[in-house]
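Here is the structure we will look at.
What follows is calculated from the coordinates using simple rules that are stated; it is not laboratory data. Because the structure is a prediction, the values reported are computed rather than measured. With ideal geometry, Cβ positions are generated from the backbone for all residues, glycine too; neighbour counts draw on all protein chains shown.
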Amino acid sequence: MYKKIERNAPCWCGSGKKYKSCHEAFDDKIIGYERMGHIVPKRSLIKTEKDILGIKESAKINMACLDEVADKIKAGMSTQDIDDIVADVTKKMGGIAAPLNYEGFPKSVCTSINDMVCHGIPSKDDILKDGDIINVDCSTILNGYYADSSRMFCIGDVDPEWKKLVDVTKEAMEIGIKAVKPWTPLGDMGDVVHQHALKHGYTVVREIGGHGCGNEFHEEPFVSFVSKPGTEMLMVPGMVFTIEPMINMGTDRIFVDEENDWTVYTEDGAPSAQWEVELVVTEDGCELLCW
Ligand code: MF3
Ligand code: CO
């Protein structure tokens, strides 16, 4: 899979350095792991320094959108109002909202309330009310680079049990972030996220998960949060992906809205929570790029 590069030729990463004094040792390490039977990322999944800087610039817009939503969100507001905020901030800062027209998605952001697991479509008819929990999932394109993150918001007086779901889901994401260690398999990370949810009696959505991100919206690998230790792709320095577990209070079974073909709900109507960050794997762990 890894094509040999002449040692004195310029490195594939665009550093301008010779291959032998740049990524040759790194590539040899990957080839070694592949020979041992590990799933390894292809070269296009390893971001260059320029890519990381580009993603960070895009992330500034994404986080500004979510900060603005955090400032303004309250009961009585519609999810369309949230869409307007995101569209506005994104435009003012020179970015593009990635969801808009993505595979036909009709709005600039996903707004998923209570038993909506993800891909809620903003509407002027969906009014936030006291006691709701909502995930706002924002994604930005700037100069071809993708930023992707989501946060939960509690509207007014939320049932303590629901608040706990929101908090435990955030903890699960944070435990996942701590489990990102280079040259270890993604399945190890996914499993600690899963175990934290199970410990509290919750379930984790199986069909939808995190993803590589950066030069496209959704890249390899698929990042599962019900994976087994020792399985899945190795986390390699320079890989960028999201950690975004969807955690349900009741069953893990879900269905897709037949009318809009997008919005995912829990089958039993119990609430679901999700937090999302985008990160880059480093030599000793990871660095958050967007949250
Ligand atoms: N933002 C979602 C994610 O975290 C993807 C949404 S796709 C959309 O992967 F089309 F609904 F925006
Ligand atoms: Co994502």
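Using 31 Å as the Cα-Cα cut-off, could you pick out the over-long pairs in Lys42/Lys178; Lys4/Lys228; Lys29/Lys199; Lys92/Lys178; Lys74/Lys107?
Lys4/Lys228; Lys29/Lys199; Lys92/Lys178, as the Cα separations exceed 31 Å there.
On a 0 to 90 degree scale, rounded to 10, what angle separates helix 49-72 from the longest Cα axis of the chain?
Tilt of helix 49-72: around 10 degrees.
In nm, to one decimal, how far is the Lys129 label point from the Ile31 one, both placed 7 Å along Cα→Cβ?
Between Lys129 and Ile31, the simple spin-label model gives 6.3 nm.
Report the calculated FRET efficiency for Glu267 and Arg43 (r = Cβ-Cβ distance, R0 = 25 Å), to the nearest 0.05.
On the way: r = 41 Å, r/R0 = 1.62.
After rounding, the FRET efficiency stands at 0.05.
Tell me the chymotrypsin sites (Phe, Trp or Tyr not before Pro) within segment 143-216 that lie in a loop according to DSSP and have at most 16 other beta-carbon atoms within 10 Å.
Trp183
Enumerate the calculated ³J(HN,Hα) couplings along segment 284-291 in order (Karplus 6.51 cos²θ - 1.76 cosθ + 1.60, θ = phi - 60°), each rounded to whole Hz, writing x wherever the residue is Gly or Pro.
Listing the rounded values in order: 10, x, 7, 10, 6, 9, 8, 8 Hz.
Rounding to the nearest 10 and keeping the result within 0 to 90°, find how far the Cα-based axis of helix 24-35 lies from the longest principal axis of the chain.
Tilt of helix 24-35: around 70 degrees.
Using the number of other C-beta atoms within 10 angstrom as an exposure proxy, rank Met77, Met36 with the fewest first.
Ordered by Cβ neighbours within 10 Å, fewest first: Met36, Met77.
Say each of Glu68 and Asp257 gets a label point 7 Å from the Cα, pointing the same way as Cα to Cβ; how far apart are those two points in nm?
2.3 nm
Does segment 162-260 classify as rounded, prolate or oblate by the C-alpha gyration tensor (a ≥ b ≥ c root eigenvalues; a/c under 1.5 gives rounded; else a/b over b/c gives prolate, otherwise oblate)?
On the way: a/c = 1.93, a/b = 1.28, b/c = 1.51.
It is oblate, given that a/c is not under 1.5 and a/b is not larger than b/c.
To make sure I understand, if each residue's beta carbon is the centre and we count other beta carbons within 10 Å, what order do Ile61, Ile121 fall in, fewest to most?
Final ranking by Cβ density, sparse to dense: Ile121, Ile61.
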